[in-house]
Amino acid sequence: MRIANIISYILVILGALNWGLFGLFDFNLVGSIFAGARAVGSVIVYSLIALSALWLILSPIITNGVLWLKSRRAED
C-alpha cells in the first residue's frame, strides 16, 4: 500500500503541474508529450491521474485515517 501511495502522489503532482502550466501559459504538458490531448497516451495518463486522486481520497478512509508513506516498524 505504501508504494501505491507514493505513485499516487507523484501522479497527482504531475496532474497539478499540468493544470498549472495550462492555466498560466496555455501549455498542455501531457498533450505535448503524447502529440495531442485526445491521443491514446494522453487519455491513459489522465485516467491514471484521476484514479490516483481517487486513491488518495479513499485510502485514509480504508486505513482508518492513516496514509502510509513510510514502512511501519515495531516500536520497542
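The values are calculated or read from the model by the stated rules, or taken from the named source; none is laboratory data. Everything quoted here is computed from the prediction, not taken from an experiment. So basically every Cβ, Gly included, is an ideal-geometry build from the backbone, and we count neighbours across all protein chains shown. Accessible surface is based on the protein model in full, side chains and every heavy atom, while ligands, DNA and RNA are left aside. Shrake-Rupley method; radii C 1.70, N 1.55, O 1.52, S 1.80 Å.
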>> Out of ILE13, ILE57, I need the residue that is modelled with pLDDT of 95 or more, open to solvent by 40 Å² or more (accessible area, probe 1.4 Å) and not in a loop (DSSP other than H, G, I, E, B). Which one?
In response: ILE13
> Of all residues in segment 45-54, which are surrounded by fewer than 16 Cβ atoms within 10 Å (Cβ to Cβ) and either at pLDDT below 95 or under 15 Å from LEU67 (Cβ atoms) (or both)?
Replying inline: ALA53, LEU54
> In segment 38-53, what residues are aliphatic (A, V, I, L, M) and in a helix (DSSP H, G or I)?
Replying inline: VAL40, VAL43, ILE44, VAL45, LEU48, ILE49, ALA50, LEU51, ALA53
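Condition check ((1) open to solvent by 60 Å² or more (accessible area, probe 1.4 Å); (2) under 25 Å from ILE61 (Cβ atoms); (3) more than 14 Å from the chain's Cα centre (by Cα)) across all residues:
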residue: SER8; (1), (2), (3): no, yes, no
residue: TRP19; (1), (2), (3): yes, yes, no
residue: PHE25; (1), (2), (3): yes, no, yes
residue: SER32; (1), (2), (3): yes, no, yes
> When both residues are 6+ apart or on different chains and their Cβ atoms are under 8 Å apart, which pairs have a first residue that lies in segment 24-37 and is in a loop (DSSP other than H, G, I, E, B), and a second that is buried (at least 16 other Cβ atoms within 10 Å of the Cβ)?
Replying inline: ASN28/ASN18; PHE34/SER42; PHE34/VAL45; GLY36/SER42; ALA37/ASN28; ALA37/VAL30; ALA37/GLY31
